[in-house]
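The next block holds one structure in the form of structure tokens; read it before the comments.
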Amino acid sequence: MMTEIAIPAFGPGVGSAYCMLKRKQGDWATAAAAVVLRMEGGNCTMARIGLTNVGPMALAATDAAAALVGTSVDESAVDEAAAQAMAICDPAEDLRGDIEYKTHMAGEMTRRAIREARANAEAN
């Protein structure tokens, strides 16, 4: 039986964010993105991006994360990362939206999460 999980705190310069789109409180997300960034000397030295509800399982957006590493996480890098994230989406069409809408929203949630994670990294 598991009795404890210990996760070390992020170090200085690391920020994270989770952004999701949902219709109402308690609803499943239509699209969501989780981002962790490490900023050192004004540049991103590590990035991880995960997407949910835009594929048959959670997606690791490794190419999107790679688009941020070595940059200052400016708007062109954010746009490239969002495009890379959208490229791996394979959502199911349902009452929450069609494939194009969900894919577009995955890109927007990725943009928002990157910006928030960067701000959190700079404040840390």
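Some values worked out for this structure:
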quantity	calculated
Unique match (being open to solvent by less than 40 Å² (accessible area, probe 1.4 Å) and touching a Leu at 6+ places or on another chain (Cβ under 9 Å)) among ALA67, ALA33, ALA60	ALA33
Qualifying residues in the stretch 71-124 (those that are closer than 14 Å to ALA34 by Cα and polar (S, T, N, Q)) - the one surrounded by the fewest Cβ atoms within 10 Å (Cβ to Cβ)	ASN120
Options ALA47, ALA58; residue that is under 14 Å from the mean Cα position of the chain (by Cα) and in contact (Cβ under 8 Å) with a residue 12 or more places away in the chain	ALA47
Complete set of residues in the stretch 1-25 that are without any contact (Cβ under 8 Å) to a residue 12 or more places away in the chain and either acidic (Asp, Glu) or under 20 Å from GLU93 (Cα atoms) (or both)	GLU4, LYS22, LYS24
Residues that are on the phi < 0 side of the Ramachandran plot, of a type outside the set (S, T, N, Q) and at pLDDT 85 or above, drawn from the stretch 23-45	ALA29, ALA31, ALA32, ALA33, ALA34, VAL35, VAL36, LEU37, ARG38, MET39, GLU40, CYS44
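The values are calculated or read from the model by the stated rules, or taken from the named source; none is laboratory data. Note that the coordinates shown come from a computational prediction; the quantities given were computed from them, not determined experimentally. Note: ideal-geometry Cβ built from the backbone for every residue, glycine included; neighbour counts use all protein chains shown. With ligands, DNA and RNA removed, areas are computed over all heavy atoms of the protein, side chains included. Shrake-Rupley method; radii C 1.70, N 1.55, O 1.52, S 1.80 Å.
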